[in-house]
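Visitor: For reference, the structure I am asking about is given below.
The values are calculated or read from the model by the stated rules, or taken from the named source; none is laboratory data. Since we're looking at a predicted model, the values are computed, not measured. FYI the Cβ positions are ideal-geometry reconstructions off the backbone, even for glycines, and counts take in every protein chain you see.
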Amino acid sequence: MPAGPLPARNPSPKVLAASTESRGLQTAAGPPRERIDALLRDLGGRLQPGHALQSAQKREGDPHRHASGLDAIDELLGGGFARGDLGEITGPASSGRTSLLFALLATTTTGGVENRGERVAVIDTPDAFDPSSAQTAGVDLRRVLWARVGPGRDALRCTERLLETEGLPLVILDIAPNSPSSARARSEIPASIWTRLARQAAATRTALVVLSHQRQAGTEARIVLELQPARARFSGSPPLLEEIETRAVLVRHPSGGHGRSALVRLGGAFRVKNASG
């Protein structure tokens, strides 16, 4: 069952100002055309043509979404992962999940609302998160809460507790298995758990993003992005992943567009740990 409706956003100061002036003009004398012309004159420079407003929004970003900073991915997602929604990133090993995770964390911890970094939490069940590689990718580790927990019940309890915490607008739950036992624990997660997590994310306006090999949250996931590996290049010893070429497919999105895809190159060398992708 999809998450319930989110609370309405407060209108921006510009919209409030325009609404106040509109009410004043409604009582003025003259035909409607003259009142509209007067309103446009009063608003003056605050009006922007559509293309200018679109460019400004693209520069500033959407404060209610967490973008990855990768243009092709963010275009598919409509700007990023929305706060209050449960989203999923799926794909096999070496499909680019880790590279996309690092890009998302880097953008959030160093940019975010008004270009100020925000805190994030990573629940790491496969013990695959490598802080040094994340830092190399641009992640501000001072703003990352890294929880190393076992799969199954412990991970879910940790996730629920973090969703209840104020000041964590983005929570990542990595349940991609690296062993048969962790795969079994993942498969035992009942659907009711995902319903509860989706409701908690909506209540606290937190973006909850789940990483896994396959879809887990069912219809509770508002956004599902599937990564299909095309090519990977390694170098050095121990091997460093230099570049991944992957196809990102939009499987589910509130605004539609299902099946749309983009070929993405994910770069930046990082250590290969537990074949997490």
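Visitor: Out of (1) touching a helix residue (DSSP H, G or I) at 6+ places or on another chain (Cβ under 8 Å); (2) farther than 19 Å from LEU163 by Cα; (3) of a type in the set (S, T, N, Q), the odd one out for SER132 is which?
Guide: Every listed condition holds for SER132 apart from (1).
Visitor: Do we find a residue being at pLDDT below 90, in the same structural domain as GLU164 (by TED's automatic domain parsing), of a type in the set (A, V, I, L, M, F, W, C) and under 20 Å from GLY96 (Cα atoms) anywhere in the stretch 213-229?
Guide: No, that holds for no residue.
Visitor: Within the stretch 103-142, how many residues turn out to be β-branched (Val, Ile, Thr) and touching a Pro at 6+ places or on another chain (Cβ under 7 Å)?
Guide: 2
Visitor: Can I ask one more? Of all residues being assigned to a helix (DSSP H, G or I) and at pLDDT 90 or above in the stretch 137-153, which is farthest from LEU173 (Cα to Cα)? Just the residue, please.
Guide: ARG142
Visitor: Which numbered condition trips up PHE102, out of (1) crowded, with 20+ Cβ neighbours inside 10 Å; (2) at pLDDT 55 or above; (3) more than 26 Å from THR159 (Cα to Cα)?
Guide: (3)
Visitor: Right, next: Would the stretch 108-120 turn up any residue that is surrounded by 23 or more Cβ atoms within 10 Å (Cβ to Cβ) and within 13 Å of the chain's Cα centre (by Cα)?
Guide: So far as the stretch 108-120 goes, yes, one or more of its residues are surrounded by 23 or more Cβ atoms within 10 Å (Cβ to Cβ) and within 13 Å of the chain's Cα centre (by Cα).
Visitor: Looking at the stretch 246-257, which of the residues that are more than 11 Å from GLU226 (Cβ to Cβ) and in contact with a Lys or Arg (Cβ under 9 Å, 6 or more places away or on another chain) is surrounded by the fewest Cβ atoms within 10 Å (Cβ to Cβ)?
Guide: Ranking the qualifying residues of the stretch 246-257, first place goes to PRO254.
Yes or no, residue by residue, for (1) touching an Asp or Glu at 6+ places or on another chain (Cβ under 8 Å); (2) on the phi < 0 side of the Ramachandran plot; (3) among the charged types (D, E, K, R):
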{"position": "ASP127", "(1), (2), (3)": "no, no, yes"}
{"position": "ALA137", "(1), (2), (3)": "no, yes, no"}
{"position": "ASP140", "(1), (2), (3)": "no, yes, yes"}
{"position": "TRP146", "(1), (2), (3)": "yes, yes, no"}
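Visitor: Kindly indicate whether THR195 is in contact with a helix residue (DSSP H, G or I) (Cβ under 8 Å, 6 or more places away or on another chain), assigned by TED's automatic domain parsing to the domain that holds LEU76 and either of a type in the set (Phe, Trp, Tyr) or at pLDDT 90 or above (or both).
Guide: yes
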